[in-house]
Amino acid sequence: MVENKYDHLTIDLDTQIDKRRKLYLRRTWNKLSKCQKSCLITTTILICSSFLYFFHLNKHTAIISVKEPEDQKYSIKSIIKESKQLDDVNNIYLKQGIVNTEISKPQNRFEGPITLKQKAVADAFKHAWKGYKKFAWGHDHLKPISESYSDWFGLGLTIVDSLDTMFIMGLEDEYREARDWVEHHLNFDINRDVNLFEVTIRVLGGLLSIYHFSKDDLFLKKAIELADRLLPCFASESGIPYSDINLFTRKPHAPKWSPDSSTSEVTTIQLEFRDLSRITGDPKYEYAVDRVSRIIHKLEKKDGLVPIFINANTGQFRSYATITLGARGDSYYEYLLKQWIQTGKTVDYFKEDYLESIEGIQKHLLRRTQPNGYAFIGELLGGGKDFKPKMDHLTCYLPGTLALGVHNGLTNNHWKLAEDILDSCYQTYAMQPTFLAPEITYFNFQGENSKDMYVKPNDAHNLLRPEFIESLWYMYQLTSNTTYQDWGWKIFQGFEKYTKVVNGYTSIGNVRNAANVRPKDMMESFFLSETLKYLYLLFSDNPKLLNLDEYVINSEAHPLPIYST
Ligand code: DMJ
């Protein structure tokens with residue numbers, strides 16, 4: 001390097017200027033009053049600490065939103081590194097009843113539990129999964145007490161039904177195992193009779209939902225194969241599908257116990273088949289289910305209410321069949337609204353039939369109890385002649401559906417009805433010493449009893465069902481009212497106390513006796529797919545963690561996208 005002869009001169013000059021600057025600063029400082037000085041010091045400290053704080057926050061965000069390495073192609077989240085250390089603290093909080101304190105601030109919405117209540121639910125999922133993995137892996141359901149399994153269709157129901165729950169909860173390891181099983185072991189080429197509705201809402205719906213979240217083609221491939229095997233169900237004389245089909249021979253048939261299909265079953269497959277057509281561009285799936293909807297739309301009803309059986313050959317309702325919003329009737333009403341939403345509110349008859357049916361419910365099925373005036377939805381027997389003051393727990397999905405309708409611009413009057421039924425459903429939990437609802441409740445509406453509700457011994461079981469929690473989540477999302485979270489937390493504690501066993505969670509035979517709940521040795525896939533998913537979403541600080549303006553949720557809690565037509 002060539003030395004510049006002016007270099008030392010420049011340095012001398014710099015030093016002179018530096019000295020003068022310092023002198024000037026010192027003089028200015030001395031001229032300041034005591035108060036001015038302390039103000040200046042405080043401001044400097046404040047600026048420095050805010051800088052340090054933001055620097056720390058950005059560093060934390062960078063850890064949790066780090067990009068997945070290529071070899072973890074199917075990874076669903078980066079591990080929140082702090083979560084292990086937080087475990088002990090969380091447990092202490094939970095024991096003290098201090099909940100909903102934030103434990104981290106991930107940026108992406110499915111990064112894992114944020115609140116302590118969510119973490120408790122994710123832990124419940126892990127506990128259930130561990131037992132399933134150990135004793136029932138690849139089978140439909142875990143029997144946690146006998147440490148065995150049960151196979152209904154032989155399709156690994158618990159795995160496929162839970163994929164999107166794991167995705168939403170950010171359970172990466174469990175999700176990987178499940179995806180792996182789907183890739184290597186999920187086989188539809190089996191000589192087994194399956195129920196069209198159950199397999200559609202649990203398996204097809206599960207595959208489609210996780211396909212939308214993950215964009216992993218494996219799930220779409222499997223969904224197409226399954227739907228193709230189910231399609232022959234629709235090849236009946238009327239277009240109303242048969243209820244069952246053999247997946248290998250592809251021969252459809254009516255249920256073994258009846259000549260008819262259930263009305264709710266043939267009307268609760270539309271969201272899934274339509275979604276598959278929209279993804280693949282192949283209209284055959286949507287065509288088949290649209291036809292069913294149109295046939296039923298044209299049939300005569302009782303102010304929008306439908307009997308619970310329909311014949312696949314004649315395409316007619318069974319005369320004198322029961323009308324109910326419980327078993328075999330429930331999701332007909334649910335899917336009217338949800339299909340209207342799924343198709344961007346462009347198909348008017350879905351909305352019209354839905355509105356008419358809610359009118360019909362208020363006219364024929366809604367009653368109030370004595371002495372406290374709780375609202376309940378009863379049943380009509382004998383084609384509408386006799387009223388039965390009985391409500392299945394299944395009916396407790398209705399408040400959520402009503403609220404969703406109001407949110408989508410339907411009449412505000414439905415909101416009050418939703419709140420009233422929600423309140424009664426809550427009472428079916430709160431009135432039991434276990435804080436768990438029975439499968440069926442009877443209501444006192446003519447003063448024949450001193451209590452508002454009563455439960456018959458054979459109806460006192462609890463199958464870990466989701467419907468009430470589902471409604472709580474809808475109401476929470478649409479109001480941000482944390483009372484719904486409080487109710488859900490009490491019920492979750494009921495599950496923890498009375499249904500949690502060493503190897504998972506079990507249905508119980510008796511909610512009326514906390515000292516003897518009679519475990520039934522069965523963990524249905526909907527406990528993981530629906531009950532725990534809705535609880536997890538309910539306990540989020542963000543009511544829109546799963547946004548109802550983006551997704552329509554199928555009857556098994558699998559979110560599917562809303563289309564514009
Ligand atoms: C689930 O399989 C679905 O929610 C269905 O629509 C009704 N029953 C169970 C849960 O209770």
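A few points about this structure:
- Long pairs among K119/K490; K133/K500; K117/K497; K256/K520; K284/K351; K126/K490, criterion Cα-Cα beyond 22 Å: K256/K520; K284/K351
- Prolate/oblate/rounded call for region 307-425, Cα gyration tensor, a/c under 1.5 rounded: oblate
- Paramagnetic reach from K215 (point 7 Å along Cα→Cβ, amide N under 14 Å) across region 521-565: none
- Extension gain, S148 back to K37 (0.36 nm per residue minus Cα-Cα distance, nm): 32.4 nm
- Spherically averaged projected area in nm², based on the convex hull that wraps the Cα atoms of region 404-540: 9.4
- Binning all Cα-Cα separations of region 210-345 at 10 Å, short to long from zero, yields these whole-percent fractions: 12, 41, 35, 12, 1.
- Listed by chain and number, the aspartates and glutamates whose C-alpha is less than 19 Å from the C-alpha of K221, apart from same-chain residues fewer than 8 away, are D161, D164, E177, D180, E183, D189, E272, D275, D282, E286.
- Inter-label distance, nm, simple model (7 Å from Cα along the C-beta direction), R27/K284: 9.4
- Segment T482-E550, extension gain: residue separation times 0.36 nm, minus the distance between their alpha carbons: 22.2 nm
- Magnitude of the charge dipole, region 449-565, Cβ model with Lys/Arg +1 and Asp/Glu -1, debye to 20: 560
- Here is the list for region 258-334: GluC sites (Glu not before Pro) lying in DSSP coil, each with at most 15 other C-beta atoms within 10 angstrom of its C-beta, are E300.
- The distance between label points at H184 and N413 comes to 5.9 nm (points 7 Å beyond Cα on the Cα→Cβ vector).
- Rounded if a/c under 1.5, otherwise prolate or oblate - region 278-340, Cα gyration tensor axes: prolate
- Additional length obtainable on full extension of the chain from K500 to A430, 0.36 nm per residue less Cα span: 23.3 nm
- Restricting region 275-338 to chymotrypsin sites (Phe, Trp or Tyr not before Pro) in coil, as DSSP defines it, with at most 13 other Cβ within 10 Å: Y320
- Cα gyration tensor category, rounded, prolate or oblate, for region 152-275 with a/c compared to 1.5: prolate
- Rounded FRET efficiency, nearest 0.05, which uses the C-beta distance separating R192 from A514 and R0 of 30 Å: 0.15
- R0 of 35 Å, Cβ-Cβ distance K251-Q316: FRET efficiency to nearest 0.05: 0.90
- Projecting the Cα atoms of F435, I421, Y505 onto the charge dipole of region 393-544 (Cβ charges, centred on the Cα centre) puts Y505 farthest toward the positive pole.
- As a fraction of the 1.4 Å probe accessible area of region 368-437, surface on carbon and sulfur atoms comes out at 47 percent.
The values are calculated or read from the model by the stated rules, or taken from the named source; none is laboratory data. As the structure is a computational prediction, the values presented were derived from the model and not from experiment. Glycine also receives a Cβ, built like all others from the backbone with ideal geometry; neighbour counts cover every protein chain displayed. Accessible surface areas use protein heavy atoms only, side chains included; no ligands, DNA or RNA. Shrake-Rupley method; radii C 1.70, N 1.55, O 1.52, S 1.80 Å.
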